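Beneath this line is the structure, given in structure tokens, with notes to follow.
The values are calculated or read from the model by the stated rules, or taken from the named source; none is laboratory data. Note that the structure is predicted; figures quoted are calculated from it, not measured. Here the Cβ positions follow ideal geometry from the backbone for every residue, glycine too, while neighbour counts run over all protein chains shown.
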Amino acid sequence: NAGVMQNPRHLVRRRGQEARLRCSPMKGHSHVYWYRQLPEEGLKFMVYLQKENIIDESGMPKERFSAEFPKEGPSILRIQQVVRGDSAAYFCASSPLRDRGETQYFGPGTRLLVL
Amino acid sequence: LAKTTQPISMDSYEGQEVNITCSHNNIATNDYITWYQQFPSQGPRFIIQGYKTKVTNEVASLFIPADRKSSTLSLPRVSLSDTAVYYCLVGAREGGFKTIFGAGTRLFVKA
């Protein structure tokens, strides 16, 4: 059973461009979470999605950021008009269901560098 | 939301037992306590999870006192490869589900 997959692993963008990050959850997992991590800091929750639904996006900036988890295909985190402050590692996690324990399985992350 | 407090960093030597304590004074009745490990340039990895008393797996033990306001992750006989950041999380619900990672504890294992 393959783990959570993220691509690309590294992404370089110039200011003003769009960044599109993909996450394929583990097989059988219908819950996806996105986190952002700055160097030397902990992970910051961004958004929690189920198939075709955004459940909690309270950690995601209201402008320029969007996320989706379509019925078919990977979850996408989209950052429009990137700025240097968007440079960070973005991690995706998935879980099989939303239960009290809620163990999450993380992908290897996408490291975004905005020039 | 139940916040957590952990030491910022800890040092240890190979072969020693390491105990990392996490405070979560506002833990809710239905909340579980989960610990993750993160190596540089990798995503966090689940270590152990518990609700009360003691939980043990092949990697670690988790001790939770009766009041559940703290928990202790115990790593037996650490090796250099255990050098990582360890995060304590408490399951939180507020309408949706939000996982709050603190800054974690940076464990340095020396030879």
field: Qualifying residues in the range B:35-58 (those that are touching a Pro at 6+ places or on another chain (Cβ under 9 Å) and of a type in the set (Gly, Ala, Ser)) - the one nearest to A:Val4 (Cα to Cα)
entry: B:Gly43
- request: Return the total of residues in the range A:68-87 being within 20 Å of A:Met5 (Cα to Cα) and crowded, with 21+ Cβ neighbours inside 10 Å.
  value: 4
- line: Taking the range B:1-47 and keeping residues out of contact with any strand residue (DSSP E or B) (no Cβ under 9 Å at 6 or more places or on another chain) and without any contact (Cβ under 8 Å) to a residue 12 or more places away in the chain leaves B:Thr29
message: One residue is enough: does the range B:48-69 have a residue meeting the conditions free of Cβ contacts under 8 Å to residues at least 24 places away in the same chain and under 28 Å from A:Leu38 (Cβ atoms)?
response: yes
- prompt: Failed condition for A:Gly85, given (1) over 21 Å from B:Asp31 (Cα atoms); (2) under 15 Å from the mean Cα position of the chain (by Cα); (3) not in a loop (DSSP other than H, G, I, E, B), with all others met?
  reply: (2)
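Could you say whether any residue in the range A:30-41 is β-branched (Val, Ile, Thr) and either at pLDDT 95 or above or crowded, with 19+ Cβ neighbours inside 10 Å (or both)?
Within the range A:30-41, one or more residues are β-branched (Val, Ile, Thr) and either at pLDDT 95 or above or crowded, with 19+ Cβ neighbours inside 10 Å (or both).
Condition check: surrounded by 15 or more Cβ atoms within 10 Å (Cβ to Cβ) and either of a type outside the set (S, T, N, Q) or outside any strand (DSSP E or B) (or both). Does A:Lys62 satisfy that?
no
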- line: Looking across the range B:1-18 at residues that are in a strand (DSSP E or B) and surrounded by 13 or more Cβ atoms within 10 Å (Cβ to Cβ), the single one that is farthest from the chain's Cα centre (by Cα) is B:Ser12
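Scanning the range B:26-82 for residues that are outside any loop (DSSP other than H, G, I, E, B) and of a type in the set (Gly, Ala, Ser), which turns out surrounded by the most Cβ atoms within 10 Å (Cβ to Cβ)?
For the range B:26-82, the residue satisfying everything is B:Ser71.
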- request: Filter the range A:41-59 for residues that are among the acidic types (Asp, Glu) and in a strand (DSSP E or B) and give the result.
  value: A:Asp56
message: Whether any residue in the range B:66-84 is among the acidic types (Asp, Glu), farther than 28 Å from A:Gln6 by Cα and within 13 Å of chain A (Cβ to nearest Cβ) is what I want to check.
response: no
- request: Sort out which residues of the range A:1-40 are free of Cβ contacts under 8 Å to residues at least 60 places away in the same chain, out of contact with any Ser or Thr (no Cβ under 9 Å at 6 or more places or on another chain) and assigned to a strand (DSSP E or B), and write them in order of number.
  value: A:Arg20, A:Arg36
